[in-house]
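In what follows, a single structure is set out as structure tokens and then discussed.
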Amino acid sequence: MNVLLVEDEADLARPLLALLRRHHQVQWAPSKEGAFAALAELEADLLVVDVALADGEDAGFELVASLREAGYAGAVLFLTARGAVEDRVLGLRLGGDDYLTKPFHFDEFLARVEARLRQRAERRSDRIELGELQIDFGQRRLYRAGQPTDLSRREFDLLELLVRDPDRTYSVDELADRLFPGRASAPQMVRVYAYRLRSKLGADLVETLPGGYRCGLR
């Protein structure tokens, strides 16, 4: 799997790179701008990011916040000498998956990297691409042409039913029972949510057939 190490201290970067290269494809960026440039060419499964870079003491946080906003879905491990609770909480809230405080033992560092990459592999197995849509079922996230797209819970539920079995035609009553059990207005609500999905994701996504709906994308 691909790892990008974002660390401006060469004395620390060198042994970490040597350790990571025993198991993975690794690139190194010493700055926030260098990380953006590397990610333009590399699909990184894991970012290992020092919080304080030459770009600024919070540059690592800023980098990850920008990437998450842009739709980056890989794992993030922060490295930092700042071990205060508020710093760890901030890092996790900005999009980090793990937080390792310096100084650390290399064995623990590698164990955390492997744990995050295992989770990444599990998540990738529960993702599909359909046309310009990238759907992450595990995280319940949707990207359209790489950009995050917000769906309500019911919209995502309907989308998941249709795209997981794209050759199947669901009747309105079946969808009503699955999505809105016991509600008298359920068939009409199915039609409303199908309309919403088309409005947000394109008219071709939900195909109307005699008897119901199916995914219109292959």
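The values are calculated or read from the model by the stated rules, or taken from the named source; none is laboratory data. Computed from a predicted model, the values in this text were never measured in an experiment. With ideal geometry, Cβ positions are generated from the backbone for all residues, glycine too; neighbour counts draw on all protein chains shown.
Structure data summary
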read-out	value
Flag for GLU69 being acidic (Asp, Glu), more than 17 Å from ARG116 (Cβ to Cβ) and assigned by TED's automatic domain parsing to the domain that holds LEU94	yes
The listed residue being in the same structural domain as ASP8 (by TED's automatic domain parsing) and on the phi < 0 side of the Ramachandran plot, out of LEU117, LEU151	LEU117
Every residue from segment 129-162 that is within 19 Å of GLY202 (Cα to Cα), of a type outside the set (D, E, K, R) and exposed (fewer than 13 other Cβ atoms within 10 Å of the Cβ)	ALA145, GLY146, GLN147, SER152
Close pairs from segment 189-204: first more than 10 Å from ARG154 (Cβ to Cβ) and without any contact (Cβ under 8 Å) to a residue 40 or more places away in the chain, partner of a type in the set (Phe, Trp, Tyr) and crowded, with 16+ Cβ neighbours inside 10 Å, Cβ under 7 Å, at least 6 apart	ALA194/TYR213
Test for GLU69: is it surrounded by fewer than 17 Cβ atoms within 10 Å (Cβ to Cβ), out of contact with any Asp or Glu (no Cβ under 8 Å at 6 or more places or on another chain) and under 26 Å from GLY138 (Cβ atoms)	yes
Residues being buried (at least 20 other Cβ atoms within 10 Å of the Cβ) and hydroxyl-bearing (Ser, Thr, Tyr) - total across segment 73-102	2
Cross-chain or 6+ apart pairs with Cβ under 6 Å, segment 156-180 first and within 13 Å of PHE137 (Cα to Cα), then among the hydroxyl-bearing types (Ser, Thr, Tyr) and part of a helix (DSSP H, G or I)	LEU158/TYR193
Sole exception among (1) surrounded by fewer than 21 Cβ atoms within 10 Å (Cβ to Cβ); (2) over 18 Å from VAL113 (Cα atoms); (3) in contact with a strand residue (DSSP E or B) (Cβ under 7 Å, 6 or more places away or on another chain) for GLU43, by number	(2)
Residue match in segment 163-170 (condition: outside the structural domain of GLY95 (by TED's automatic domain parsing), under 22 Å from the mean Cα position of the chain (by Cα) and surrounded by 12 or more Cβ atoms within 10 Å (Cβ to Cβ))	yes
Unmet criterion (only one of (1) modelled with pLDDT of 90 or more; (2) crowded, with 16+ Cβ neighbours inside 10 Å) for ASP107	(2)
Residues of segment 189-218 that turn out to be surrounded by fewer than 13 Cβ atoms within 10 Å (Cβ to Cβ) and either farther than 23 Å from ILE135 by Cα or touching an Asp or Glu at 6+ places or on another chain (Cβ under 6 Å) (or both), as a count	3
